[in-house]
Structure formats: C-alpha cells, structure tokens
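For reference, the structure discussed in these notes is given below.
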C-alpha cells in the first residue's frame, strides 16, 4: 500500500495543522434546517468520523465543504481556502466520494480512472503511471476492462476511491463509503485510508458502522443538524457513560428524538463543548 | 498558456462524451435514424401536393388540339380524367357531388383561335374548398399549357399561343418534398439536439455523476461546453444525412453554397443546444426533459412556416412564429438550397439566429450553476 506524497505546501495549507475549520456554518433548505451553527476543526492527517442518523446533516456538511452547496450562513475553510470565496481553489486540492460513487456505468474501470485523473490535469505518462499504481494497489487490475456498471458493490467502491484519489488530494471526503460493501472490501478500504492518512492526507468519513467509527481518531456526532458530541472514542464513550460507541449512538438518538418530540428543544449532552455546538 | 490548454478539463470531458456516445448504440442509431425516418415519412407518406385529382373534361371544341391539351393535362399526373361531360350543368353536378375535383373546359373556338394566331384560352374549374388540391390543379394547368405551347410554337412564333396563367417558381410541380426537406432538416436538428442535450445533463444528475463533475476543478463554462460540443457534431452529421437523402432520394436541388449553409447552421445548432441545457435546469427526470422538449418544439412545427405558410396565419401566430429560431433557419435553408441565395439575401436571418443563440446561451448559463443548490 503506497500512500500518496505528503501534501504540498502551496497556497492554503498554512494555519498550522488545521485542514478544515468551520465557524457558525448553517444550511437551510426552505423551512428545513439541515445544519445549524456548526463549529468544527479537523486536523491535518487526521481520520475524522462524522456520525449521526439519516437526515442528521452529514451529507449536507460534506457538500458544503466540497463547494457543492453554498452555506446559508457561517464560514468554512478547507486546506486553508475559503469554500465560498474560492470554491475552485478548494476543488483542486480535495477528493470527494459520494454515496452514489459518481461512476460512469458505460465507461470501463480504467476509463473511469483515466477520466477523473484527467479532470484534475493529469496527462500522458504521469496519468498512466498513476492509473497503473492505483489498479495494482486497489486490486482492480483483473477488472481493468470491465464496464463500471457491471461491477458489484465492493468493486464499485474501490473504483470510486481510486477515482477520488487519482490526483492525490490533500483532503478526502468520503460519504458513507462502505455502505453495502462486503467485509473484505471494507478491510482493504480502511487499510488504504490509514495509508493515505499516514502520508498526511486528511480524511473526513461518514459511516453507519460502529466498528468503523471506532477506527477514527476523532468523532463528531450530528443530530438534526446539530453537532452534539465531539472527541476521541474514549472521550465520547466516557462522557456519555456508555460502554461503546454504538451505545452512545443509540442513546443519543433516543434522547434527542424523545426530547424533540416533547419540547421541540435540543438536549445539552454530557461532555458537550460549548464552542462545538453553538446552540443556545 | 499552451500547457494550460493541454491540461484543460474540457478535453477529458469531450473524450468521455464521445466514448459514451459510441457505446450507446441505441441513442446513436436514433440520432442518425430519426432524421432518415422522418425524412422518408415526410417525403413519401405526407404528400402535400395532390396527385391524381379526379377531373372531368368539357370539350366543346372536339378537335385534335383540344384532345392534345386534355392529354397534356393528364400527363402532368395531377389530373386523372374520369370522364367527359357534355355541358356546364353536368360539369357543375360532377363537382358538387364530389366526383370530380376539377374540370377542364375547352371552348368551341379553341382550335380556331390557334389557327388564327390568337391566344387560345382554356379554363380549369377547381373545387377550391381544398386549397392544396387547387394549387395542384393550377400547377397542372400551367404545365400542360406550357407543354402545348412548346409543341405548337413555330420557329418564328411571336408570343404564346396558349395562355399561361400560373407559374409557381422553384417548385414547378409543387412537389412537397422540395418544400418539406429543408424544413425537416431544421425541425430534426432543433428537436433532437435540445432533447438529447437536456436528457444527457439530467442523466448525469440522476446518476450522481454531475455531483462528481462539480467537485472537479472544471469551470462552469468548461462543463457546459463539454456537454454541448459533442452534440454540435451530432447536429452536423444529422444535417449531412438529411441533405444527402434529400438530394439523392427526393431530388431536392442544392443551388447555393453548402459551405454557407453549414456556417449558418452553427448559430441554429447552438441555439438548440442551449435550449436543451435550459430545459435541463428546469426538470428533474429524463422523462420530464423529453416531454418538455417536445412541448417547446411544438410551436416550431406549427408556427415556423414548416408546414403551413406563415403569411396565412393570424397576426398573433405570426408574432409567436417570429420568436422561434426555426422560422429563420427555414428561410435560410429554403433560400440557399432552392433559390441559390447568397449571404446578401439572408444576412438578416443569420443575424437573428445569432441573437437567439446569444440570448439562449446567456439564459442557460445563468440557470446552469456549478452547485447542487
């Protein structure tokens, strides 16, 4: 497993070791508040897990950080670049793997990789070398000439990962990358992720698998758009007095669903950091 | 600079579109097949000229010359002589009952006039309730008299021997193919191009690849160009197929410059593609895109002068027709193909098309954002 080169030190990546910083980030769709007052720092080279039930605002957060959605309020910088003021600057430096993978079904495995590599300016021998390396590292070689549309879930996930990292981004956003993927592919995936992170790539990943959550260096819990917990696995479980992350997850979900139904108010969770939730 | 152009994401976009297009045999077949099928349909099945119009003959002259004229009329193919009548009452009844759509009346002094070198006149009575039929009849009358004139004229003849009343230019037999083919070309271009552009963009949105494209560093204009340029190529293939078929199957003349025609096609294609992009920003699914494309195209069929002459429309319909790009493209096509017109006679239409293209590009660019909002 070869990790990408260490991130370049071109414009943006100043500000010490902060890869992502959001301040009062908010997104409203009509009358629905998808993300509310999000303050979040993610460190360079960190594997950060964003957890939360469906509809809690994980995907919306990632989309704002990738410049796919414009925040209603607040600011966000990714690798030191403001996502609203310079979305194109951010895009050159990040990789994004969406839940739907974004692969072209009617292109082959190799063509998909070539295409996405080229979109980031990779050309000729450089692109070829990168495609070859990814084919080997992700075990895609035997599927090289297969149409992406005929791949099964695990293979699609590997291909999507290859496409999202073809240009060796400094920051990688992965939105539920392992949904519907078999255990061996998941293991390969996580090994690959750790390899990237040790090479200095920052990773933000969302997941519903608690064993995966426990592999992250730090976690953030989102519930109905609010960041309600933040910290390492140990910190979060300890603060909630629960034996595992899964118990924390279920407890949080139960609590805020009940609370929201009864009072329309949001609970102040134990271990809650004031600057991390901004809700008052 | 050169390096920047080489590294532009536009190239992989174009490459990808072309590979996808090549793989999608069905769509590709439709894109070339639709023009061919439409052309054959319009050219063969929908005959706007009326042939074999049933006609009676009232020959009061009963001479060699009158029979020759009757024969000349029948020879045009527009008339089928179904019988003779002996007086005007019988003739009137035949037409009123609908047995005959036309009658040829040759007066008693027809041959005498010819011999005395006076202009001989014959009459064609037409059931004018059917304007297309009457046009055909008028045209046949003109053709027949011209044929007889040519046959009768002695070398030193001064002036016509038979009177010629109608002379439709450019399309002497009022063959609808010649009128229709330039129209079909424009209609096919605007319909298929706006439909495939809108569907192609909506498909990317449906499959989630548009989201992936947006996070790449490609600019908004690069993304738009990458989506429409390949289809411009399709447009040129289509118009070439139509011109070849039209010319070799339907004998549509190409009197003007093909180069000029291809140049004038560019703003029309651009306008159609931008329309497709605009449609893609207004719909959610491919089915909706298809439906909206057809809805938008409908006025083009009815009001552009494609099938019905605009001169015969109410003023309001003429105004709407004036706001449709096809209206101007039709004039260019008919002008260059049938009349051999140069740029000097069609520059206004070309300019109007350029304005349409500019407006539609601007509108769709304003709506087409590089975000998911």
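Bear in mind that the values in this text are calculations on the coordinates, not laboratory data. Please read these numbers as outputs of a predicted model, since none were measured by experiment. Glycine also receives a Cβ, built like all others from the backbone with ideal geometry; neighbour counts cover every protein chain displayed.
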Report the convex hull volume per residue for chain B, counting only C-alpha atoms, in Å³. 176
Cα pair count fraction exceeding 22 Å, expressed as % - the stretch B:53-152: 23
Return the whole-Å distance between the Cα centroid of the stretch B:221-267 and the Cα centroid of the stretch B:320-344. 14
Pairwise centroid distance, computed over Cα atoms, of the stretch A:196-216 with the stretch B:352-373, Å: 41
Of all DSSP beta bridges with both partners in the stretch B:53-152, the antiparallel percent, nearest 5, is 30
How tilted is helix B:131-152 with respect to the longest principal axis of chain B? Cα atoms for both, answer in degrees (0 to 90, nearest 10). 60
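Quick one: of the DSSP bridges fully inside the protein assembly as shown, what percent are antiparallel, nearest 5? Provide the component values of the computation, followed by the final result.
Numbers: 25 of 53 bridges.
Rounded to the nearest five, the antiparallel share is 45 percent.
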Helix B:25-40 versus the longest principal axis of chain B: what angle, 0 to 90°, nearest 10, using Cα atoms? 20
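Quick one: plug the Kirkwood hydrodynamic radius of the protein assembly as shown (C-alpha pairs) into Stokes-Einstein at 20 °C, 1.002 mPa s, and report D in µm²/s.
71
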Using a Förster radius of 41 Å, what is the FRET efficiency between residue B:1 and residue B:359 based on their Cβ-Cβ separation? Nearest 0.05, please. 0.85
Looking only at chain A, where both bridge partners belong to it, what percent of the DSSP beta bridges are antiparallel (to the nearest 5)? 55
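So for A:108, B:219, fewest C-beta neighbours within 10 Å to most, what's the order?
With the sparsest Cβ surroundings first, the list reads B:219, A:108.
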Work out the mean other chain Cβ neighbour count within 10 Å for the residues of A:183-191 and drop it here as an integer. 0
Of B:344, A:88, B:65, how do they rank once you tally other Cβ atoms within 10 Å and put the fewest first? B:344, A:88, B:65
Relative contact order for chain B: what is it in percent, counting Cα pairs under 8 Å that are at least 6 residues apart? 18
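Where does the protein assembly as shown land at 222 nm, in deg cm²/dmol rounded to the nearest 500, when only DSSP H runs of n ≥ 4 count, each adding -39500 (n - 2.57), divided by all residues?
-17000 deg cm²/dmol
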Roughly how crowded by other chains is peptide A:62-71, in terms of the mean Cβ count from those chains within 10 Å of each of its Cβ atoms? 3
Extension reserve of the residue B:25-residue B:90 stretch, reckoned as 0.36 nm per residue once the Cα distance is removed: 17.2 nm
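If we sort A:158-167, A:173-182 on the protection proxy, mean other Cβ atoms within 10 Å, highest first, what's the order?
On the way: A:158-167: 24.3, A:173-182: 20.0.
The packing order, highest mean first, is A:158-167, A:173-182.
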For chain B, built as a Gaussian network whose Cα springs stay under 10 Å, the top-fluctuating residue of B:208, B:335, B:226: B:208
Tell me, what is the Rg over Rh of chain A, with Rh the Kirkwood radius over Cα pairs? 0.97
So for the pair residue A:105, residue A:133, with labels modelled 7 Å out along Cα→Cβ, what separation do we get in nm? 3.3
Using a 10 Å cut-off around each Cβ of peptide A:160-169, what is the average number of partner chain Cβ atoms that fall inside? 1
Highest-MSF residue in chain A out of A:21, A:218, A:127 [GNM, Cα springs under 10 Å]: A:127
Fewest to most Cβ atoms within 10 Å: B:96, A:36, A:111, A:235 sort as B:96, A:235, A:111, A:36
What is the angle, in °, between the Cα long axis of helix B:64-75 and the longest principal axis of the Cα atoms in chain B? Nearest 10 is fine, range 0 to 90. 20
